[in-house]
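Please read the structure below before turning to the comments.
The values are calculated or read from the model by the stated rules, or taken from the named source; none is laboratory data. Given the structure is predicted, the values throughout are model-derived calculations rather than measurements. Methodologically, a virtual Cβ is constructed for each residue, glycine included, from the backbone with ideal geometry; neighbour enumeration extends over all protein chains shown. Ligands, DNA and RNA are stripped out before the accessible areas are found, and what is left, the full protein with its side chains, is counted by its heavy atoms. Shrake-Rupley method; radii C 1.70, N 1.55, O 1.52, S 1.80 Å.
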2 protein chains.
Amino acid sequence: MARTTDGSGIPVPQRLLAAATRLFAERGYDRTSVQEIVEAAGVTKGALYHYFGSKDDLLHEVYARVLRLQQERLDAFADADAPVERRLRDAAADVVVTTIDNLDDASIFFRSMHHLSPEKDKQVRAERRRYHERFRALVEEGQREGVFSTATPADLVVDYHFGSVHHLSTWYRPDGPLTPQQVADHLADLLLRALRP
Amino acid sequence: MARTTDGSGIPVPQRLLAAATRLFAERGYDRTSVQEIVEAAGVTKGALYHYFGSKDDLLHEVYARVLRLQQERLDAFADADAPVERRLRDAAADVVVTTIDNLDDASIFFRSMHHLSPEKDKQVRAERRRYHERFRALVEEGQREGVFSTATPADLVVDYHFGSVHHLSTWYRPDGPLTPQQVADHLADLLLRALRP
DNA sequence: AGCTCCATACCGACCGGTTAGTCTGCCGAG
DNA sequence: CTCGGCAGACTAACCGGTCGGTATGGAGCT
């Protein structure tokens, strides 16, 4: 067992990351002190600065984890063997579901980007761009095939949809009337309906 | 002349508000010190605390200004004498244009809500809710008349559209290829296309 | 016209409190 | 004996907000 765990069996770095995620989402990055993070994780500052270089590093880790997950899932849906309208719909719905499943991550993502150091900000933006472009490629593919309207530039269509995803952390409440899957279906529907030729 | 102005002729309170708006949008509320604000406005702390009760007050003023403007414009469009699809379209496009025209306000609005004191937060949420409901009423009206699809709950439609408005401050750049009006037309188009029965 | 008086507008040194990050050293495992 | 893993006291830098003081212009009286 050793010193990397307490009674819970979860290693210290992960406990710190989990505590930071929750607190960043709750109070925001600046309003969360490292003291609060280490207390929530049941350790002290020594432990935090043993594993992470700075408070900023912690935030970056949250971003890296989210981006990795979303990119993997998007790639899987985009590479599937199905008509493009089906692949886009599945991808659009999936990002809604996974975003709702990780609403804390989403709040942090969209509210705290500007707290990253310039280099980390650059790195995150680059990865987001890759994600955006993969998604856009799906729209463009459908437009070339004639199954999607070309009235709106693909870039704008992607931003339109991700605006709504972004917005989820503002209004979605787990105790509301709609399940994550229902919301996802509706939002994917709206996207596909807007794209009808 | 007197002491309420410097060479620019703009009164001190407005200079403070303008400086705060720019800085809050640039670096975020917490990363902006009152010292920086007063320096940008060309005064000292004494002046700031003479006109405003707290730093928080300054933020609240920004919100109040934005909310008032948007609500007035929405009411004007919603009350117009025209078919509902036209009124919704105009309102949807207008909020995009005015948001782009005040991108700083928009960044602050969506990124710094949680920095407001509980009471002010409550007040802002209440006004936003009124705005949301006015917009939703337009969608519902069209749905009742049969000119809009009822496949998606009106609430979700409104959140879908405002997600994209919210998102503008993330990606829109004045030096990009699209004018504010062009973006507005496209986004309003997407909304109306998604609502076709 | 001149003088007094006071409200308004603003200055800037100062205070209590908080923060991210550092550093020394202990402890248990191998 | 050594070394990763961590504890926790410490520091230097700020930060929001306060407060006594100063300058200015106009109202009221004579």
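Checking every residue in region B:98-120 against the condition of being within 30 Å of residue A:24 (Cβ to Cβ), open to solvent by 30 Å² or more (accessible area, probe 1.4 Å), more than 13 Å from the chain's Cα centre (by Cα) and acidic (Asp, Glu) gives at least one match. Restricting attention to region B:84-125, the residues that are assigned to a loop (DSSP other than H, G, I, E, B) and not aliphatic (A, V, I, L, M) total 3. Answer with yes or no whether residue A:156 is of a type in the set (A, V, I, L, M, F, W, C) and open to solvent by 10 Å² or more (accessible area, probe 1.4 Å). For residue A:156, the condition - of a type in the set (A, V, I, L, M, F, W, C) and open to solvent by 10 Å² or more (accessible area, probe 1.4 Å) - is not met.
Among the residues of region B:126-153, those identified as outside any helix (DSSP H, G or I) and either of a type outside the set (Ser, Thr, Tyr) or open to solvent by 70 Å² or more (accessible area, probe 1.4 Å) (or both) are B:146, B:147, B:148, B:150, B:151, B:153. Criterion applied to A:58, A:23, A:69 was being assigned to a helix (DSSP H, G or I), more than 16 Å from DNA strand D (Cβ to nearest atom) and open to solvent by less than 70 Å² (accessible area, probe 1.4 Å), and the one residue passing it is A:23.
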